[in-house]
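Here's the structure, in structure tokens; my notes come after.
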Amino acid sequence: MDYKKVLDSIITISQRAGDTILDIYNSPDIDINIEVKKDLSPLTIADRASNDIIINELKSLTPNIPILSEEEKNVEFKDRKNWSEFWLVDPLDGTKEFINRNGEFTVNIALITDNRPTMGVVYAPVPDTTWYGLENFGSFIINKSKNPKQIHLNKMKRDITKIVSSRSHANNPKLEEYMKQFKKYELIKMGSSIKMCLVADGTADCYPRFGPTMEWDTGAAHAVVKYAGGNIYNVETNKELVYNKETLLNPGFIVQ
């Protein structure tokens, strides 16, 4: 498979899905039909519309690669445990941010190979910004359809450490404890997978997450961070986050 060519297609798919979300977002007269899922997270017509586009496009692009999406029917572990490669999709990450209309939501598509992210695209429709990463190629950002610019983690020592934190899951005692190690820090509150991308492009220095997330919340941005020179580390083992576990719940992690 020509992964660079596939990556170009995934960027197009993510942006197409994002444009559909944006159409709904910018139409206040549309009933977004908020539902509450079993895990108490919200679901809207934008989640469904984005998911339909991505699933149909992926099936056409790579019919032999299975898909695991937040908004599709659950795939039992016995049916996916031997997957060597699969697409991991969050069609609308930051649904709460979408509902609150702060613009901090994304489309996320990752290719997971042997339990590791080898390709990932994160598209934020409101700022029209795409971050993407590919193994043996690097990570890049596209702002407002301009030419791609390669990105790297910030390796320069700052006077003030910039830490990104969840806008919707703040006030965690473990986060407070983590921040005590820094003499001076700035806390940047942000929604969705944009947080991880800000570490990848050097805007921020780290993103500690001690609350619950799912594999589809991190897969695409993990690739962006990894091929920008960083990684996502399990706080319990200090090893890289892995995917296609029996439970799709992530442990606590640090992005740096």
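Read-outs throughout are calculated quantities, based only on the coordinates presented, and are distinct from any laboratory measurement. Note that the structure is a prediction, hence the values are computed from the model and not measured. Note that we place each Cβ from the backbone using ideal geometry, even for glycine, and neighbour counts take in every protein chain shown.
Structure summary
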read-out	value
Calculated P(r) of the range 59-190 - Cα pairs past 17 Å, %	71 percent
The chain: calculated mean residue ellipticity at 222 nm from DSSP helix runs of at least 4, using -39500 (n - 2.57)	-9000 deg cm²/dmol
Approximate shape of the chain as ellipsoid semi-axes (Cα gyration tensor, √5λ), whole Å, largest first	26, 21, 19
In sequence order, calculated HN-Hα J values of the range 121-136 (Karplus, 6.51, -1.76, 1.60; Hz; x Gly/Pro)	10, 10, 10, 9, x, 5, x, 6, 10, 10, 10, 8, x, 9, 4, 6
Within a Gaussian network of the chain (alpha carbon springs, distance under 10 Å), most fluctuating of ASP217, ASP47, ASP114	ASP114
Alpha carbon centroid spacing (whole Å) that separates the range 35-105 from the range 143-221	23 Å
Cut-off 17 Å, label 7 Å out along Cα→Cβ of TYR3, residues of the range 56-95 by amide N	62, 65-66, 84-88
Subset of LYS96/LYS245; LYS146/LYS195; LYS149/LYS174; LYS78/LYS144; LYS59/LYS162 violating a 32 Å alpha-carbon distance limit	LYS149/LYS174; LYS78/LYS144; LYS59/LYS162
Given charges at beta-carbon only (K, R positive; D, E negative), |dipole| of the chain in Debye	1000 debye
Highest-fluctuation residue, GLU186, GLU240, GLU135 considered, GNM on the chain with Cα pairs under 10 Å	GLU186
Among PRO251, ALA200, TYR185 - extreme Cα towards positive end, dipole of the range 161-255, charges at beta-carbon	TYR185
Of every Cα-Cα pair in the range 1-142, the percent that sits beyond 24 Å	31 percent
Within a Gaussian network of the chain (alpha carbon springs, distance under 10 Å), most fluctuating of GLU177, GLU246, GLU70	GLU177
Nitroxide proxy distance, nm - points 7 Å out along Cα→Cβ at GLU176 and VAL36	2.7 nm
